[in-house]
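Take a look at the structure set out below.
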Amino acid sequence: MITGLPASAERFLIDVERHQRRLDRAQRQLTSGLKLTRVSDAPDQVSRLLTARNGLERIEQTQLNLGRVKTEVDTAEKAVGNAVSLIERARVLGAQGSSGHQDAGTRAQVAAELEGILERLVATANVAVEGRYLFSGDTDQIAPYALDPLQPSGVSAYQGTISSRKVADASGLTFSVGFTAELIFDGPNPDEKVFAAVNGMRRAILAVDNPPDPPDPTIPSLEEALHNLGGASVYLNQRLATYGIIQNRVSESIDSAEKLELSLRTQVATIEEADLADAATELTQARLQLDAAFQTRANTPRKSLFDYLG
């Protein structure tokens with residue numbers, strides 16, 4: 001009774017199976033473009049591939065966040081730069097209006113232009129991107145300021161909140177990306193009150209020809225108003241410089257994220273993507289060797305039952 005195959009037949013079947021696996025693997029690589037489509041293709045590489053893919057997903061989200069933040073920071077920097085220009089114009093007007101060589105009509109015109117500057121400063125403080133007020137802190141659906149002629153500053157109280165907004169860089173470190181309108185335009189110190197400085201200059205100029213009766217202690221003298229405008233100008237320029245620093249941090253983070261993304265994509269490609277030229281060569285060799293195995297087997301002399309019986 002025959003209980004097993006001859007050794008030559010076993011070797012033939014083993015060779016056929018091996019060449020067929022090579023053939024199937026090469027065909028999958030050429031069809032999919034991937035050399036790793038299932039765990040059995042390279043079990044030792046699966047963990048590295050998953051780690052790289054997870055890192056790639058994280059960095060892509062980081063890039064998306066940084067892109068949005070860049071738009072916001074660039075817009076905020078432009079707004080503060082515009083505010084700097086407005087406060088400089090207010091200083092020029094203040095110097096003109098406080099000159100003893102001006103008449104009442106000229107002073108009235110200067111006061112009217114200062115009022116317009118105050119309105120534009122409020123509009124600058126209320127700048128929005130994609131429906132979000134940039135300087136309202138965490139309550140970014142509410143405009144931070146409104147004109148209020150009854151207030152000495154000429155504007156309402158700050159309507160926003162503190163800002164806890166931060167963004168993560170490619171390494172996962174977070175950093176703040178802006179200030180509130182209260183901090184930019186209405187800080188706690190006298191030299192930081194931009195709205196009050198402009199409106200104070202306007203009121204001081206109007207008081208020259210129409211002094212209030214009784215005197216209003218909230219109206220500064222012309223000298224005080226000029227000093228306040230100078231302090232507000234210095235302060236706004238400091239805020240503008242800080243936004244420049246934030247812009248640089250965001251740009252550097254974007255560059256780092258792009259480099260990390262490229263590195264991770266290269267890592268994924270190295271693990272996962274097939275070398276199509278090598279796969280084509282492997283396919284050809286596997287077919288040739290499989291054909292050769294069958295040809296060799298076909299040419300092997302066959303024994304009958306009588307040969308085994310002796």
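Remark: spin-label model distance residue 51-residue 248 equals 3.5 nm, labels positioned 7 Å along the Cα→Cβ axis.
Averaging the sequence gap over all C-alpha pairs within less than 8 Å and six or more residues apart, then dividing by the number of residues, gives the stretch 71-268 a relative contact order of 25 percent. Translational D (Stokes-Einstein, µm²/s) of the stretch 71-268 at 10 °C and 1.306 mPa s when Rh comes from the Kirkwood sum over C-alpha pairs? Value of D from the Cα-based Kirkwood radius: 87 µm²/s. Neighbour counting of Cβ atoms within 10 Å sorts the residues 206, 50, fewest neighbours leading, into 50, 206. The residue among 253, 234, 80 whose Cα reaches farthest toward the positive pole of the charge dipole of the stretch 71-268, with charges on the beta-carbon of Lys, Arg, Asp and Glu, is 253. Under a model in which nothing but the beta-carbon of Lys, Arg (+1) and Asp, Glu (-1) is charged, the stretch 46-175 shows a dipole of about 480 debye around its Cα centre.
With neighbour counts taken as other beta-carbon atoms within 10 Å, the residues 179, 185 rank, fewest first, as 179, 185.
Loop-resident GluC sites (Glu not before Pro) (DSSP state other than H, G, I, E or B) in the stretch 81-143 with no more than 13 further Cβ atoms inside 10 Å of their Cβ: 130.
Overall shape: prolate for the stretch 207-255, with the ratio a/c of the largest to smallest alpha carbon gyration tensor axis at 1.5 or above and a/b above b/c.
Shown for 150, 236: other C-beta atoms within 10 Å of each C-beta, ranked fewest to most, produce the order 150, 236. Rounded to the nearest 20, the Cβ-based charge dipole of the stretch 71-268 about its Cα centre (Lys and Arg +1, Asp and Glu -1) stands at 280 debye. Each part reduced to its alpha carbon centroid, the stretch 212-230 and the stretch 74-106 end up 16 Å apart.
Each reported figure results from applying straightforward, stated rules to the coordinates on display, with no laboratory input. On a predicted model such as this, the values are computed, not experimentally measured, just so you know. Ideal geometry is used to build each Cβ from the backbone, glycine not excepted, and the neighbour counts take in all protein chains shown.
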